[in-house]
Amino acid sequence: MKGNLGIIGAGVVGTAVGVILKSRGYEIAGVASRTPESRERLAGRLQCPEYADLCSLARSSGILLITTTDAAIGEVVANIASGGGFRPGQAVIHCSGALGSDVLGPARLAGAHVLSIHPLQSFASPEVAVQQLPGSIFTIEGDDEAVPLARQLVEDLGGRAFRIDGGGKALYHAGACVASNFLVSLLDFAAHLLAETGIPYDQAIEALLPLVEGTVRNVRALGIPQALTGPISRGDINTVAKHVEAIESGGSGSSLRLYSLLGLSTVEVARRKGTITAEQALALTGVLGKVEGEVLNAESDHGYVS
């Protein structure tokens, strides 16, 4: 039997981690949650005690995992600390991508080792999370003494880990949001463009998904920038100009600005790929860089746009 694990937060991540680690031989000390219904449901699934009192659960747990919302972590930790629930040698872990382990400071003051462990993955439901956690990348940040435990937890979850500095958590999380959350918004943007041609929105999404999946496979196989295709990658200035004209005629300034900003970033990727000349890059930037009287600029050092 592996170390006893207490879970505070019975949502998607807490449920998936509990299910997987229990199957790997961890003793589940108990679960707590904001609502009686959610903690009863998870406790039943894990066949473990449920706790209404956070301090009691913390005292029963050698490893305390906090999988609440980011906004609730500080309150949870303060509650446990005020009741003397932390102790030396205990491991206290949260799963926020944006927050560092410093938010667990009261536990550290009590002698516990603190960590943040974040899965770089998107989970729509507990069942999806149970399937997708294995094979995922996890980031570890926190006390040196507890890093071996963190790596063991990640290994038992079927993932791979790398360590980052706490000061970089916000930037790391921003990158994750761009790749995952913003992808959803990007698909919404693309589907609305297709919908303007008469394709029903839902069918537009269905039509775009194989294209997106093929692009992801190309990135996996070839990397960036070699996976880049399309008119900007070819230096096809006329086609890009037609895109701009068509979107502009639709009357949506926000759509044109979004297309132009993404296009400027893509020009920089194409330059790194080596498939367009400096003159073509300049011409494309000229076509993309003027939106409603505003001049957009490409940042050539990193391929970002400003």
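Bear in mind these aren't lab numbers, they're just calculated from the coordinates by the rules spelled out. Bear in mind the structure is a predicted one, so any value in this text is a computation, not a measurement. Note that we place each Cβ from the backbone using ideal geometry, even for glycine, and neighbour counts take in every protein chain shown.
Couple of notes before you dig in:
- Sorted largest first, the principal axis extents computed over the alpha-carbon atoms of the chain equal 67, 40, 36 Å.
- Size descriptor, Kirkwood hydrodynamic radius, that averages inverse alpha-carbon separations across segment 2-170, Å: 15.4
- When peptides 150-161, 55-66 are sorted by average Cβ neighbour count within 10 Å, with the highest value leading, the order is 55-66, 150-161.
- With Cα atoms, 0 to 90° folded angle of helix 169-179 axis to the chain main axis: 50
- Protection proxy ranking for 80-93, 214-227, 163-176, using the average of other Cβ atoms within 10 Å per residue and placing the highest first: 80-93, 163-176, 214-227.
- Rounded tilt (10° steps) of 253-273 against the dominant C-alpha axis of the chain: 90
- Computed from Cα positions, the angle between helix 237-249 and the longest principal axis of the chain comes to roughly 70 degrees.
- For the chain, built as a Gaussian network whose Cα springs stay under 10 Å, the top-fluctuating residue of 183, 211, 120: 211
- Length-normalised contact order for segment 56-212 - Cα pairs under 8 Å, 6+ apart - percent: 17
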